[in-house]
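One structure is given here, and the rest of the page talks about it.
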Ligand code: HSE
């Protein structure tokens, strides 16, 4: 039987994830993986590990021929990319948890993997403890992936849970997420949806072979959600969650975005609370499958790094099957979505662009409507998140057929808007 490869690790970063990995490896001796050096930014900090393990010189790791694996779990995207590129070029395998770096540099990383034939694994970069990337790569390796909907950011889910269920204020809930090590060092990345969009960008590559920059994705976070939106959700027996979704339309193209959404009580995602993440996959013949697990935090994230290390023992690589072995799918903007919009003043809402307005509540200071609008009237437009406007998707928001036309004028007339 083949003996598994001995892994000698050079670790970059000793924050929430790096320290978690250090502790987890001490409890998993069977893995035959040892950390030889840890590269950190600030030498002075007190750390729970022997001082001789640490260096501030990245070359100590990158030039060490004994180190065959680089684990990169640092915060800054630019330096992370340099470290990962140099490690791959020098023939080292790499495990990374830097979602922002991966999303920003995916085309270059794809090229580097081709050129060097070295493994770059990053299961910890999306949904932490849930093995979503490897499942998309290996298990859903066919044309039957109809849709994928996911909660991919633990902090925003934690904040929404605390606000909805424990009536904490937004700032208080965010502070707690920071103290527990879930939030990014710049928490606006979580709250404004950047972190979720980054993860969604490369999950789309593994799901559908789509390579996209987040600037080309429609996304927002939870910072526009108002108390009144939560009130409407409660009246309708919905929760509100930040959901990343992608759906293959009848023409074979893919609709994808990351937006807050009303969630029905019978939706699997309603069970996803606090820092947990969840992924609902709909595929031909299997129908729905639900993956659930902790999406942030030291040990859950370290567990995914550990699993990647374990996979390196048998030289596992992502094949990017949907990109290289199948015909990659294309993103499309040509569909409609049903949205809930709340606002202070109607003058900020381009009602003429709505195909249908199905509910209209204008009797209090904060007004809202539920209507159907073309996705192109959202994409690249600012109106839906400016001037205190809040947009939340309704359940099953994507409408692709033109039944929408039948609703159009009639509902606008009913609402007294034309
Ligand atoms: N800030 C991230 C989150 C950490 O809250 O999901 C895990 O990627």
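Worth a mention:
- Helix 404-414 and the long axis of the chain differ in direction by around 50°, with both axes built from C-alpha atoms.
- For the chain, the Rg and Dmax computed from alpha carbons only, in angstrom: 22.7, 76
- Approximate spin-label separation residue 168-residue 270, in nm, with each point projected 7 Å along Cα-to-Cβ: 2.3
- Residues 203, 62, 168 arranged by fewest to most Cβ contacts within 10 Å: 168, 62, 203
- For the chain, the share of DSSP beta bridges that are antiparallel, to the nearest 5, is 70%.
- Residues residue 314 and residue 286, FRET efficiency given R0 of 30 Å [Cβ-Cβ distance, rounded to 0.05]: 0.65
- Seen against the Cα atoms of the chain and their longest principal axis, helix 154-165 is set at about 50 degrees.
- Taking a ≥ b ≥ c as the square roots of the eigenvalues of the alpha-carbon gyration tensor, segment 1-130 is classed rounded because a/c is under 1.5.
- Degrees, to the nearest 10: 298-312 long Cα axis against longest axis of the chain: 60
- Ranked list, fewest to most other Cβ atoms within 10 Å of each Cβ, for 129, 96: 129, 96
- Computed from the C-beta positions of residue 82 and residue 216 and an R0 of 22 Å, the FRET efficiency is 0.35 to the nearest 0.05.
- Point-to-point label distance, residue 43-residue 326, nm (Cα→Cβ direction, 7 Å offset): 5.1
- Model label zone, residue 333; criterion: amide N under 13 Å from point 7 Å along Cα-to-beta-carbon; scope segment 212-239: 215-219
- The Stokes-Einstein estimate for segment 201-338, based on a Kirkwood radius over Cα pairs and taken at 10 °C with 1.306 mPa s viscosity, is a diffusion coefficient of 91 µm²/s.
- Net lengthening on full extension, residue 231/residue 89 (0.36 nm per residue, minus Cα-Cα): 45.7 nm
- Taking packing as the residue-averaged number of other Cβ atoms within 10 angstrom, the listed peptides 225-234, 130-139 run from highest to lowest as 130-139, 225-234.
- In this label model, residue 55 and residue 352 are separated by 6.6 nm, measuring between points 7 Å along each Cα→Cβ vector.
Every number in this text was worked out from the coordinates using simple rules, so none of it is lab data. On a predicted model such as this, the values are computed, not experimentally measured, just so you know. Every residue, glycine as well, gets a Cβ built from its backbone with ideal geometry; the counts of neighbours run over all protein chains shown.
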